[in-house]
Amino acid sequence: MGKRFIASLLLLFMAVAVQTLLPLVSGGLTIANPFLALLTVLALRGGRLSGLLWGAFLGALCDAYFLPYVGFHGAAFTLLGYLLGWIGSKVMLQGVVPLAFFGWASYIVDAGLVALLYLLLGLPLAAPFLVPVLLGSLVTGLMAAGFELAARKLFPEERS
């Protein structure tokens, strides 16, 4: 249990570092979401409860980085964490391609849920919405694959 927690914290520090360095590398890459990529890996590995808890925590952290409104990503990540944990408990995933796919799909679902919350509250959406979502989903999917490779090094006993 302690090794799992320390490994998860190392992955969290990697995600925070990536999120902090993205604007320095390129302003255009800030549409990517390393917290969502990390949630994809942790929820698929940990199950429903783990996904739910990581989703709530990473969603709140994502809100602190991205939005002036707290709770939008928190709600979306919590739901996504539960769903990804459920999928991870039902399906045996092999390789990094499925993780990249789930990271890509999670970004699109997160963007849709956050946009829905914006519309329900009467808040304006960003004008070019579709292209940044598609680009962000691709980069986030690649990040999920990268976090999966790192997780394999940190959790060697779980998946081969």
Acute angle (nearest 10 degrees) that the helix 130-154 long axis makes with the longest principal axis of the chain, alpha-carbon atoms: 20 degrees
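May I ask you to derive the relative contact order of the chain, considering only C-alpha pairs under 8 Å and at least 6 residues apart, and to give it as an integer percent?
27 percent
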Cα gyration tensor shape of the stretch 26-103, rounded if a/c is under 1.5, else prolate or oblate by comparing a/b with b/c: oblate
Order by protection proxy (mean Cβ within 10 Å, highest first), peptides 68-80, 89-101, 32-44: 32-44, 68-80, 89-101
Cα long-axis angle, helix 2-25 against the chain (0 to 90 degrees, to the nearest 10): 40 degrees
Estimated distance in nm for a label pair at residue 49 and residue 125, the labels positioned 7 Å out from Cα along Cα-to-Cβ: 3.7 nm
Label point distance in nm, residue 149-residue 20, each placed 7 Å from Cα along Cα→Cβ: 2.3 nm
Global form of the stretch 69-122, assessed from the alpha-carbon gyration tensor, a/c cut-off 1.5: prolate
Cα-based shape type of the stretch 47-89, given that a ≥ b ≥ c are square roots of the gyration tensor eigenvalues and the cut on a/c is 1.5: prolate
Accessible solvent surface per residue of the chain, calculated while the other protein chains remain in place, 1.4 angstrom probe, Å²: 52 Å²
Exposure of residue 4 as accessible area (Å², to 10), given a probe of 1.4 Å and all protein chains: 90 Å²
Helix-only [θ]222 nm of the chain, DSSP H runs n ≥ 4, -39500 (n - 2.57) each, per residue, nearest 500: -27000 deg cm²/dmol
Residue 118-residue 92 pseudo-label distance in nm [points 7 Å out on the Cα-to-Cβ vector]: 4.2 nm
Of all accessible heavy-atom area on the chain, the percent that carbon and sulfur account for (1.4 Å): 77 percent
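The values are calculated or read from the model by the stated rules, or taken from the named source; none is laboratory data. Source: prediction; values computed, not measured. Cβ: placed from backbone, ideal geometry, glycine included. Neighbour counts: every protein chain shown. For accessibility, only protein heavy atoms count, side chains too; no ligands or nucleic acids. Shrake-Rupley method; radii C 1.70, N 1.55, O 1.52, S 1.80 Å.
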